[in-house]
Amino acid sequence: MTFDVERTMSNYRDTRNLKTRISIYDYRTPRIDPTDLAAELMPADPHLVLDVGCGSGRYVQRLRRDHPEAVVVGIDAAPGMLAEVEPPIMVADAQAIPYPDASADAVLAMHMLYHVPDIAKAVAEFRRVLKPGGTLLVSTNVDTDKGAYFALMKRAFTKVLGPDAPPVDSVNVLFNSANAPGYLEAEFDSVESFEDHGTVAVPEPGPLLAFIDSTRSFFDIDDTAFDAIMAAIGEELDTHFAMHDHFEYNKGLIIYRCR
Ligand SMILES: C[S@@+](CC[C@H](N)C(=O)[O-])C[C@H]1O[C@@H](n2cnc3c(N)ncnc32)[C@H](O)[C@@H]1O
């Protein structure tokens, strides 16, 4: 899969795909609310906070509750994602943030940098808009994430598309725990990481099939072929659940605090 902004934006036409993906973490142990982790890492009394790639606004909501004196702006490149986020909101690209130099006390970029064509440019933008001493919080996936999940996807991709099937984990590899520090340390003197590892154990095929289908538009695969991939995954899961109570995979979260 090559990088394609149009496919990314089509996935985020509205909040449905993201909400489907977030809902699978109801099956994660230990249960965590990533907004709790981010809230703990925030500076004490920020005035201006920019949540870049805010999606459906779960961090925006949380930070407005924690910091009622602060202005927390929800920023996203996809207008449809902002439909449910209370103002102040802004449609903007992480690579060109329409805020002056040294204006924000904190910037968040949670699970979004793997979608940005020029990651280094976005990180430089975060540095530019932050006040000296300001805090950047970045979250992403752990590089060893979702082993059994990607293996399931790969078997179905290969079955339907043959040996030249596109990789199943391209979004994951663009910005994960293996390469994130390099991008962040290029702009920030201090980069601390906070990891949380868990297991997703899904008790029936439905939530997993919904999760995989929600990623459909990230792939350069036509609908007929993707439907065949979904059918192959469905068959494999039926066989799996005839013998097992759960389908399990590892799922880590890493948050970087950069100053
Ligand atoms: C996986 S979602 C994460 C949403 C939210 N941060 C969260 O963790 O719940 C990625 C979000 O980044 C947005 N996005 C993708 N590319 C972007 C860009 N270049 N600039 C700003 N937002 C972008 C998408 O529209 C989507 O809402």
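The values are calculated or read from the model by the stated rules, or taken from the named source; none is laboratory data. Computed from a prediction, not measured in an experiment: that's the story for all the values here. As a convention, Cβ positions derive from the backbone with ideal geometry for all residues, glycine included, and neighbour counts pool all protein chains shown. The area values use the complete protein model at the heavy-atom level, side chains included, leaving out ligands, DNA and RNA. Shrake-Rupley method; radii C 1.70, N 1.55, O 1.52, S 1.80 Å.
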Go through the residues of region 129-144 one by one and say whether even a single one is within 15 Å of the ligand (Cβ to nearest atom), within 28 Å of ILE75 (Cα to Cα) and in a helix (DSSP H, G or I).
-> yes
Would region 35-48 turn up any residue that is more than 13 Å from the ligand (Cβ to nearest atom), open to solvent by less than 30 Å² (accessible area, probe 1.4 Å), among the polar types (S, T, N, Q) and more than 30 Å from PRO166 (Cα to Cα)?
-> no
Give the residues of region 103-127 that are charged (D, E, K, R), surrounded by fewer than 16 Cβ atoms within 10 Å (Cβ to Cβ) and assigned to a helix (DSSP H, G or I), sorted by residue number.
-> LYS121
So is LEU253 open to solvent by 10 Å² or more (accessible area, probe 1.4 Å) and under 23 Å from VAL116 (Cα atoms) or not?
-> yes
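THR158: in contact (Cβ under 8 Å) with a residue 60 or more places away in the chain, among the β-branched types (Val, Ile, Thr) and over 21 Å from ASN17 (Cα atoms), yes or no?
Values: in contact (Cβ under 8 Å) with a residue 60 or more places away in the chain: no; among the β-branched types (Val, Ile, Thr): yes; over 21 Å from ASN17 (Cα atoms): yes.
Here the answer is no, as THR158 does not meet what is asked.
Kindly evaluate ALA186 against the criterion of being closer than 23 Å to LEU41 by Cβ and in contact (Cβ under 8 Å) with a residue 24 or more places away in the chain.
Details: closer than 23 Å to LEU41 by Cβ: yes; in contact (Cβ under 8 Å) with a residue 24 or more places away in the chain: yes.
Answer is yes for this residue.
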In region 63-84, residues that are more than 10 Å from the ligand (Cβ to nearest atom) and of a type outside the set (Gly, Ala, Ser) total 11
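Could you list, in sequence order, the residues of region 63-82 that are buried (at least 20 other Cβ atoms within 10 Å of the Cβ) and in a strand (DSSP E or B)? Reasoning before the result, please.
Taking region 63-82 and keeping what is buried (at least 20 other Cβ atoms within 10 Å of the Cβ), we get 63, 67, 72-78, 81-82.
Residues satisfying the conditions are VAL72, VAL73, GLY74, ILE75, ASP76.
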Matching residues in region 49-62 - criterion: being more than 7 Å from the ligand (Cβ to nearest atom), over 22 Å from GLY133 (Cα atoms) and crowded, with 21+ Cβ neighbours inside 10 Å | GLY57
Since THR144 meets every condition but one in (1) modelled with pLDDT under 95; (2) touching a helix residue (DSSP H, G or I) at 6+ places or on another chain (Cβ under 8 Å); (3) open to solvent by 30 Å² or more (accessible area, probe 1.4 Å), which condition does it not meet?
-> (2)
Restricted to region 1-34, and to residues that are open to solvent by 60 Å² or more (accessible area, probe 1.4 Å) and away from the ligand (no atom under 13 Å from the Cβ), which residue is nearest to ALA201 (Cα to Cα)?
-> TYR27
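Test PRO100 against the stated conditions and say whether it is more than 12 Å from the ligand (Cβ to nearest atom) and either of a type outside the set (Lys, Arg) or open to solvent by 60 Å² or more (accessible area, probe 1.4 Å) (or both). Explain how you work it out, then say what you get.
Numbers: more than 12 Å from the ligand (Cβ to nearest atom): yes; either of a type outside the set (Lys, Arg) or open to solvent by 60 Å² or more (accessible area, probe 1.4 Å) (or both): yes.
Yes: the conditions hold for PRO100.
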Candidates ALA156, ALA165 - the one that is open to solvent by less than 60 Å² (accessible area, probe 1.4 Å) and not in a loop (DSSP other than H, G, I, E, B) = ALA156
Positions within region 224-249 being assigned to a loop (DSSP other than H, G, I, E, B) and either within 13 Å of PHE157 (Cβ to Cβ) or touching a residue at least 24 places away in the same chain (Cβ under 8 Å) (or both), in sequence order = ASP245, HIS246
